[in-house]
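Asks: Dropping a structure here in structure tokens format, bear with me for questions.
The values are calculated or read from the model by the stated rules, or taken from the named source; none is laboratory data. Bear in mind that the values here come from a model prediction, so they are computed numbers and not experimental data. A quick note on method: Cβ atoms are made from the backbone with ideal geometry, for glycine too, and the neighbour counts reach across all protein chains shown.
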């Protein structure tokens with residue numbers, strides 16, 4: 001292939017666009033409940049605050065609406081969408097199925113060095129619980145689950161989980177004020193099963209950990225009914 005033909009065939013390597021940056025920041029704030037359900041937003045305001053034109057904001061709004069995080073109403077204010085229990089439970093189902101398999105593999109694949117690295121993440125979680133640092137614990141919670149996937153040789157599984165878990169994350173953030181200790185205890189049980197090279201126990205502990213959201217969401221909904229849409233969902 002000649003140099004001219006090569007240039008014609010290959011596209012320039014794209015860099016993260018302005019739209020991507022706006023999308024990621026708004027997504028982070030919505031999932032982290034910095035922008036709770038019902039928050040009014042406008043393209044003009046976001047564009048002014050972020051120092052960009054309105055078009056990339058419009059594109060980011062559309063992407064968030066497709067994911068179910070924004071409700072765009074023509075001629076009316078765009079608002080952060082209410083939490084859908086159905087979306088939360090569907091995300092939990094997907095996550096539970098994938099992570100049960102990753103901990104099974106972890107029991108076979110993790111090295112002593114991997115175990116030590118995960119123990120350090122758990123020690124950091126212990127400190128976050130003691131400090132009542134919910135955002136830090138949330139970050140470390142994700143790190144624990146992600147590293148199990150990656151150290152088992154299935155990092156791509158975390159990418160699938162990440163794409164599907166955002167609806168769960170809003171509920172998780174609301175639960176951390178009372179449930180960080182429970183989550184940490186669950187992680188210790190999962191880790192103990194992995195160290196024991198007991199795949200059946202590890203899978204059961206991971207399932208028990210992720211299914212907690214079914215009971216937590218009832219308490220959260222009772223305390224924050226204004227954040228939810230529709231009737232409670234039973235999966």
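Asks: Examine segment 217-226 for a residue that is at pLDDT below 95 and crowded, with 19+ Cβ neighbours inside 10 Å, and state whether such a residue exists.
Replies: Yes, the conditions are met somewhere in segment 217-226.
Asks: Just checking, does segment 13-22 include any residue being in contact with a strand residue (DSSP E or B) (Cβ under 9 Å, 6 or more places away or on another chain), modelled with pLDDT of 90 or more and within 28 Å of residue 228 (Cα to Cα)?
Replies: Checking segment 13-22: not a single residue is in contact with a strand residue (DSSP E or B) (Cβ under 9 Å, 6 or more places away or on another chain), modelled with pLDDT of 90 or more and within 28 Å of residue 228 (Cα to Cα).
Asks: OK, next. Residue 125: under 30 Å from residue 39 (Cβ atoms), out of contact with any strand residue (DSSP E or B) (no Cβ under 7 Å at 6 or more places or on another chain) and modelled with pLDDT of 95 or more, yes or no?
Replies: Yes, satisfied.
Asks: Read through the list (1) in the same structural domain as residue 123 (by TED's automatic domain parsing); (2) surrounded by fewer than 19 Cβ atoms within 10 Å (Cβ to Cβ); (3) at pLDDT below 95, then give the number of the only condition that residue 171 fails.
Replies: Status for residue 171: all satisfied but (2).
Asks: Can you go through 104, 28, 73, 58 and tell me which one is in contact with a strand residue (DSSP E or B) (Cβ under 8 Å, 6 or more places away or on another chain) and either surrounded by fewer than 19 Cβ atoms within 10 Å (Cβ to Cβ) or more than 26 Å from residue 223 (Cβ to Cβ) (or both)?
Replies: Result: 73 is the single residue among 104, 28, 73, 58 that is in contact with a strand residue (DSSP E or B) (Cβ under 8 Å, 6 or more places away or on another chain) and either surrounded by fewer than 19 Cβ atoms within 10 Å (Cβ to Cβ) or more than 26 Å from residue 223 (Cβ to Cβ) (or both).
Asks: Which of the following residues is in the same structural domain as residue 163 (by TED's automatic domain parsing), within 25 Å of residue 167 (Cα to Cα), free of Cβ contacts under 8 Å to residues at least 40 places away in the same chain and surrounded by fewer than 17 Cβ atoms within 10 Å (Cβ to Cβ): 113, 97, 117?
Replies: 97
Asks: Sort out for me the helices (runs of 4 or more DSSP H) sitting completely within segment 149-230 that have 1 or more residues that are in contact with a strand residue (DSSP E or B) (Cβ under 6 Å, 6 or more places away or on another chain) and more than 21 Å from residue 89 (Cβ to Cβ).
Replies: none
Asks: For segment 35-54, which positions are loosely packed, with under 14 Cβ neighbours inside 10 Å and touching a helix residue (DSSP H, G or I) at 6+ places or on another chain (Cβ under 8 Å)?
Replies: The answer is 38, 44, 53.
Asks: How about segment 117-138: which of its residues are within 14 Å of residue 187 (Cα to Cα) and within 18 Å of the chain's Cα centre (by Cα)?
Replies: Passing the criteria: 121, 125, 137, 138.
Asks: Something else now. Just to be sure before I move on: is residue 83 under 21 Å from residue 175 (Cβ atoms) and in contact with a strand residue (DSSP E or B) (Cβ under 6 Å, 6 or more places away or on another chain) in the structure I sent?
Replies: Yes; evaluated as a whole, the condition is true for this residue.
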